[in-house]
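The values are calculated or read from the model by the stated rules, or taken from the named source; none is laboratory data. Worth saying up front: this structure is predicted, and the values here are computed from it rather than measured. Note that each Cβ is placed from the backbone with ideal geometry, even for glycine, and that neighbours are counted across all protein chains shown.
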Amino acid sequence: MLTTLEGKLEYLTEVLLKAVIFDLDGTILEDEDEYGKAFNKVLKSLGVETNTAFPHTRGIGVEENWSILIDKYKIKTSKSVEILAEETQEVYLQEINEVTVRPGFEDFVEGLKESGAKVALATSNSWEITDKVLDTVNLQDIFDVITTREEVKYNKPDPELFTLTADKLGEERYGCLVIEDSPSGVEAAHRAGMKAVAIADRVEDEARLLKADLIVKYFSEIGLKKIAEL
């Protein structure tokens, strides 16, 4: 019987799994609080006070969020969504030292790499922000491939981020597993022909992620038996 994490991951990789594609914000990183603060601060500068810590929609990108927020709150401003996104990212970067890596991520990746699986990052964020935050949390050299929003025409839930990443890895889409934290990311994975594991550390998140093939709270819960049953 395979009892160690390394043994399970090695068997899993040989039989089913060739690569794992990770989302960044909210999946690898615990930074949704920081993004919530950033969106709320910029909204406040526009005269909008929200009653939620998370006024944004996860997984769709900062610019895409501003298109939604402007319509939702009937915001009158001469600023473009690009400018509002830049302001939001500036506030986020002020909080970047508060960003942490989700527990268990590095052990999980280490096991994958030892078993021969590839690991990739596919994020709706920009390369500039991605590079800065990976440097801050010391993950800059961990991925075989990184894909950011500048490389695709459409963001999640369009599957292009994931299909492009699979192509860059040189792997068939059915051999890739996506790990996400947002409904748009889960949808994008499925549209790409990939299974999706959702990270949900709050009960309310689980309700939004019911279309995922597997919902877990911690990386340590992503084991052989559960993935083999997907």
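Scanning region 206-230 for residues that are surrounded by 13 or more Cβ atoms within 10 Å (Cβ to Cβ) and either modelled with pLDDT under 90 or not assigned by TED's automatic domain parsing to the domain that holds Ala189 (or both) returns Glu206, Arg208, Ile222, Gly223, Leu224, Lys226, Ile227, Ala228. Any idea which residue in region 186-205 is surrounded by the most Cβ atoms within 10 Å (Cβ to Cβ), counting only those that are modelled with pLDDT of 95 or more and in a helix (DSSP H, G or I)? For region 186-205, the residue satisfying everything is Ala189. Within region 155-169, is there a residue that is under 11 Å from Ala122 (Cβ atoms) and at pLDDT below 95? Yes, some residue in region 155-169 is under 11 Å from Ala122 (Cβ atoms) and at pLDDT below 95. If the condition is being touching an Asp or Glu at 6+ places or on another chain (Cβ under 7 Å) and either assigned to a loop (DSSP other than H, G, I, E, B) or within 15 Å of Glu30 (Cα to Cα) (or both), then region 116-149 contributes Thr123, Asn125, Ser126. Of the residues making up region 25-56, just one is surrounded by 22 or more Cβ atoms within 10 Å (Cβ to Cβ), assigned to a loop (DSSP other than H, G, I, E, B) and hydrophobic (A, V, I, L, M, F, W, C), namely Ile28. Of the listed requirements (1) under 19 Å from Thr57 (Cβ atoms); (2) outside any helix (DSSP H, G or I); (3) not acidic (Asp, Glu), Thr88 misses just one: (2).
For Lys113, state whether it is in a helix (DSSP H, G or I), within 21 Å of Phe219 (Cα to Cα) and out of contact with any Lys or Arg (no Cβ under 8 Å at 6 or more places or on another chain).
On the way: in a helix (DSSP H, G or I): yes; within 21 Å of Phe219 (Cα to Cα): yes; out of contact with any Lys or Arg (no Cβ under 8 Å at 6 or more places or on another chain): yes.
So Lys113 passes the test.
The residues on offer are Glu180, Glu150, Glu172, and the sole one that is under 18 Å from Gly59 (Cβ atoms) and either modelled with pLDDT under 95 or surrounded by fewer than 18 Cβ atoms within 10 Å (Cβ to Cβ) (or both) is Glu150.
Rundown of residues vs (1) exposed (fewer than 15 other Cβ atoms within 10 Å of the Cβ); (2) modelled with pLDDT of 95 or more; (3) over 15 Å from the mean Cα position of the chain (by Cα); (4) not charged (D, E, K, R), yes/no style:
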position	(1), (2), (3), (4)
Phe22	no, yes, no, yes
Gly59	no, no, no, yes
Glu90	yes, yes, yes, no
Val119	no, yes, no, yes
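Filtering Ile75, Ile68 for residues that are part of a helix (DSSP H, G or I) and either farther than 28 Å from Val119 by Cβ or out of contact with any helix residue (DSSP H, G or I) (no Cβ under 9 Å at 6 or more places or on another chain) (or both) leaves a single hit, Ile68.
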